[in-house]
Amino acid sequence: MSDIETRIRDFMHARGVEVVGIAGPERLDGPPSLDPTYTMPGARSIVSFALPMDVGAIYDWFSKKSQAPHELDQLRMNQRTFRVSRDLADWLVSQGYRAKEVPANSSYRRHPDVVSTLPSFSHRFGAMAAGIAGQGWSGNVMTKEHGAAVYLGTVVTDAELASDPALPPRHFVDEYCAKCKLCARTCVAGMFEEEGEEQVLLNGELHPRGKRRNIDFCNTSCFGLHALSPDLKWSTWGRGWINGWIMNPPDPKQRRRIRAILVLKSITAGDSAPRYDLIRKITIKLYPEEMLEYVAPEKLPESESELSRYLLEHAERIVGVIPGLKDPYALTCGNCALVCGPDIKETAERYRALVESGIVVPGPDGLMTRVDSFEEALEMRRKYMPKPSLFEMARDALAMGAIWYGHYFGFEPRSFLAGLAYKAKLKKAVRDAAAV
Ligand code: B12
């Protein structure tokens, strides 16, 4: 019988997963979110895998042709990574090991700052440790096969597995990003810059990425609270604009002010809680396969307005999102990952599709509508921007608080201490590297 590592790969390939890697016990030294025992006590190794995003859906998204294909891809593929992970974990158990899948997303450790979003396990760091990916400039990890436009999954196990070879820490940043960095220009809030690196310490090696200016910039644009490009020429699919940031980029160091704007903007949108609940539920809960049958391509209505109604019903009735959802399209950005293809030419193609696509704003029928200019967008927003009532805002703010504080508030001494130890190691490694 072939070794367990080969049988794991065969199991994954049989399920259509081509990009799969293994990291054994000696390869799991890094930030606390690379510790598999947090997910399953006694875990010793991980299996990491990546599934590609639908590239056609990315072009529909960037060119503002339609939001739906990529939203459906996110729904289907987050459930698929979860399903494949669960199946692999069950199979490993049938082989006499213990194993557990890591949820696709939204499984954060409890923390006094509920928006710190420190994961139970980091799929990114797992993918780097298992040799299937390397850190890219945006902080997303890149695969040789699909760039950063992938969905990641991980299974932890108590099996002592042999590790696959890892990529050199600077592989993508030096070989690819140094000639590209278009991801930085796709971020409407400028979460990271084109110049200036920061490091992550993994297995004694420093892995570079673009220096983050303020992670709340990503929380803001990725949650659709600010959607307009700095040059006012294109947008994400978000409905929100932060007027104070138009032609006046915010100072990333004003952390409290930016966090306050993020919170205020999200609790006055009127539907933030059901939108986040939708993102959370499709990434942290594994639904029965029937859940996806309802959104099988052949079942979907043709017209955008009927499709929007159909997916809204799916979110409410089948996903079970809390009341108050106005549109089924909870995701609005992800540009920095979606733009990043298997080669620089493809990335440049996607970037062009985005920046030449114009601006989308709420239109007459409540659907997002594409316009060519900032002036037209202003006019459309004046006419059709939804204005939630005070009651809707208050209900939504309470629901948002209940979700975030209910699931993520607290203090975990183990994580805190592990974080301090990691930070000290990182500081020393950066200092030593600078001294060389
Ligand atoms: C939290 C989170 C977010 C947050 C924060 C992102 C961040 N910190 O990087 C927000 C909401 C902003 C976000 C945005 C996006 N995300 Co996200 N997100 C996650 C999540 C849950 C964890 C990310 C992570 O690994 N954080 C840990 C590390 C990377 O964060 P860090 O800032 O480097 O940590 C530093 C310190 O905090 C410390 N540290 C690390 N871990 C820990 C733990 C503890 C306890 C302590 C004390 C300290 C500590 O060390 C690090 C520095 O050395 C994962 C799912 C998962 N479970 O892995 C998805 C994931 C990373 N997201 C993903 C994607 C695609 C996106 C978006 C493109 C939006 C989208 N469409 O989904 C953007 C990209 C933004 C960007 N450029 O990073 C994909 C990534 C795919 C890829 N190719 O890398 C993932 C893997 C989801 C999936 N299953 O595919 N995301």
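The values are calculated or read from the model by the stated rules, or taken from the named source; none is laboratory data. These numbers come from a predicted model, not from an experiment. Reconstructed Cβ throughout: ideal geometry from the backbone, glycine too, with neighbour counts over all protein chains shown. Just the protein is used for accessible areas: all its heavy atoms, side chains included, with ligands, DNA and RNA removed. Shrake-Rupley method; radii C 1.70, N 1.55, O 1.52, S 1.80 Å.
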Sequence of 369, 347 from largest to smallest accessible area, 1.4 Å probe: 369, 347
- line: Most fluctuating of 350, 109, 257 in the GNM of the chain (C-alpha, under 10 Å) is 257
field: Mean separation of Cα contacts under 8 Å (6+ apart) over length of the chain, as relative contact order %
entry: 20
- request: Could you work out the relative contact order of segment 294-430, using alpha carbon pairs under 8 angstrom and six or more residues apart, expressed as a whole percent?
  value: 12
- prompt: Using DSSP loop states and a limit of at most 10 other Cβ atoms within 10 Å to flag GluC sites (Glu not before Pro), what is the longest stretch of the chain containing no flagged site?
  reply: 1-288
Solvent-accessible area per residue for the chain (1.4 angstrom probe, square angstrom): 44
Accessible-area composition of segment 3-435, carbon plus sulfur, in percent [1.4 Å probe]: 57
message: For a distance above 27 Å, tell me the whole-number percent of Cα pairs in segment 3-435 that qualify.
response: 53
message: Could you compute how much accessible surface residue 407 exposes when probed at 1.4 Å, giving the result in Å² to the nearest 10?
response: 80
query: Amide H to amide H under 5 Å from residue 141: which residues, 5+ apart in sequence or cross-chain, H placed 1.01 Å off N in plane?
result: 136
- request: Using a 1.4 angstrom probe on the protein heavy atoms only, line up 3, 87 by accessible area, largest first.
  value: 3, 87
message: In Å and on Cα atoms, what radius of gyration and Dmax does segment 101-169 show?
response: 13.3, 39
